[in-house]
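**Q** First the structure, which I've put down as structure tokens, then a few questions once you've had a look.
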Amino acid sequence: MSTPNPGSNEHIAFIGGGNMASAVIGGLLKQGLPAGQIQVVEPFAEQRARLVQQFGVAVSDAPGASLSSAGLVVWAVKPQTFKEAAAQARAHTQAALHLSVAAGIRSDSIAQWLGTERVVRSMPNTPALVGKGMTALFARPAATAADRAAVERVIQTTGEYLWLNDEVQLDAVTALSGSGPAYVFYFLEAMIQAGTDMGLEPEQARKLAVGTFVGASALAHASDEPLEVLRARVTSKGGTTYAALTSMEQAGIKQQFMQAIEAARQRAGELGDEFGAA
């Protein structure tokens, strides 16, 4: 069987048609994969209608025999529904390569539920919706080099990616980058609120805050220098930035933030225990 390759005759199936699936589908279509080579299983009628209108892909409300044509199946389901969805699809997808974007569900469980060892787990994040995603990947030993390349061709349509050698690291990835956009939005909310409290219009505060995050992230991405060096260049002793950072250090914000990320990592592990194979 050939590997899934945008532009080939291979079909790609998505189990679940939410935001992450939509990000990948949009990227594949932009890369040139015909909409006729994509099918989506989505239980909610409103979401199915949106997928047809936005992408022109084939949709169904439950797994069926049509899945047997898929060379790659992308699992974009909630952790608590994965096992049930896998049971419905298993008979039609055992010849396929499987890519999971579900948080917490370990590849042992996925392989058991689907009756195949050709499983790749991933942890993407929502900036994939605008082609700026960051995705970590882990492949089970049965996934070949060609399988890994096929996954890369799909994931690169949403942004950057990296491979992990140890699956347990995906819990840390979930906490750091999977949940990470929410942390950025949280700090942006605080910056915008502070700006409005200091007399700026909400629109002005939002533009300044978002633009600052975008610019600082781009600078960090482009620079090989340590972040401490970049930070020091903005921080003159006795100046305004120094006053802000000193206040945050005294409040223990860095330690509290690190503790929050650790809480997310622990919860990722709990999801695997709670909803994994029994």
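Derivation of every value follows stated rules applied to the coordinates shown; laboratory data play no part. If you're wondering where the values come from, they're calculated on a predicted model, not measured in any experiment. All Cβ positions, even for glycine, are placed from backbone atoms using ideal geometry, and neighbour counts span all protein chains on display.
**Q** Of Lys30/Lys78; Lys207/Lys254; Lys132/Lys207; Lys30/Lys254, which sit over 28 Å apart, Cα to Cα? Provide the component values of the computation, followed by the final result.
**A** On the way: Lys30/Lys78 26 Å; Lys207/Lys254 25 Å; Lys132/Lys207 19 Å; Lys30/Lys254 40 Å.
Long pairs (Cα-Cα over 28 Å): Lys30/Lys254.
**Q** Still on this structure, I have one more. Once a ≥ b ≥ c are taken as the square roots of the eigenvalues of the Cα gyration tensor of segment 11-165, is the result rounded (a/c under 1.5), prolate (a/b larger than b/c) or oblate (a/b not larger than b/c)? Before the final figure, lay out each step's value.
**A** On the way: a/c = 1.45, a/b = 1.08, b/c = 1.34.
Note, shape of segment 11-165 comes out rounded.
**Q** Shape of segment 217-278 from its Cα gyration tensor (a ≥ b ≥ c, root eigenvalues): rounded if a/c is under 1.5, otherwise prolate when a/b > b/c, or oblate?
**A** Details: a/c = 5.60, a/b = 2.03, b/c = 2.76.
Oblate is the answer for segment 217-278, as a/c is 1.5 or above yet b/c matches or exceeds a/b.
**Q** Quick one: what does P(r) look like for segment 85-150 with 5 Å bins over all Cα pairs, in whole %?
**A** Pairs per bin, as whole percents: 4, 17, 26, 22, 17, 11, 3, 0.
**Q** Give the order of His11, His98 when sorted by the count of other beta carbons within 10 angstrom, beginning with the fewest.
**A** On the way: His11 21, His98 30.
Lowest count first: His11, His98.
**Q** In a Gaussian network model over the chain where Cα atoms closer than 10 Å are linked, find which of Gly133, Gly159, Gly211 has the largest mean-square fluctuation.
**A** Result: Gly211 has the largest fluctuation of those listed.
**Q** A follow-up question, please. How many angstrom lie between the Cα centre of segment 27-91 and the Cα centre of segment 217-278?
**A** What the calculation gives is 36 Å, centre to centre.
**Q** Ok, one more. How large is the convex hull of the C-alpha atoms of segment 121-278 per residue, in Å³?
**A** 154
**Q** Sticking with this one: To the nearest 20 debye, what charge dipole does the chain have about its Cα centre, counting +1 at the Cβ of each Lys and Arg and -1 at the Cβ of each Asp and Glu? Walk me through the numbers before you get to the answer.
**A** Details: 21 positive and 25 negative charges, 74 e Å.
That gives the chain a dipole magnitude of about 360 debye.
**Q** Sorted from largest down, give the three principal axis spans of the alpha carbons of segment 55-104, whole angstrom values.
**A** If we take the Cα atoms of segment 55-104, the spans are 28, 26, 18 Å.
**Q** Tell me the net charge near Glu84. Cut-off is 15 Å between Cβ atoms, Glu84 excluded, with +1 for each Lys or Arg and -1 for each Asp or Glu.
**A** Working: positive: Lys78, Lys83, Arg90; negative: Glu42, Asp61, Glu274.
Counting the neighbours of Glu84, the net charge comes to 0.
**Q** Please report Rg over Rh for the chain, where both radii come from the alpha carbon positions and Rh follows the Kirkwood definition. Intermediate results must be reported in sequence, preceding the final value.
**A** On the way: Rg = 21.2 Å, Rh = 20.5 Å.
That ratio equals 1.03.
**Q** Rounded to the nearest 20 debye, what is the charge dipole size of segment 11-165 about its Cα centre when +1 sits on each Lys and Arg Cβ and -1 on each Asp and Glu Cβ? Can you show the working numbers first?
**A** Numbers: 13 positive and 9 negative charges, 28 e Å.
Approximately 140 debye in magnitude.
**Q** Would you tally the net charge around Val234, using a Cβ to Cβ cut-off of less than 14 Å, leaving Val234 out, and scoring K and R as +1, D and E as -1? If you can, show how the numbers build up before the last one.
**A** On the way: positive: Arg231, Arg233, Lys237; negative: Glu225, Glu228.
Value of the local net charge: +1.
**Q** Report D for segment 16-66 in µm² per second (integer): Stokes-Einstein, Kirkwood Rh on Cα pairs, 10 °C, 1.306 mPa s. Let's see the in-between values first.
**A** Values: Rh = 10.9 Å.
Answer, rounded: 146 µm²/s.
**Q** Taking the C-alpha atoms of segment 180-271, how large are the radius of gyration and the largest Cα-Cα span, Dmax, in Å?
**A** That works out to 15.3, 46 Å for Rg and Dmax.
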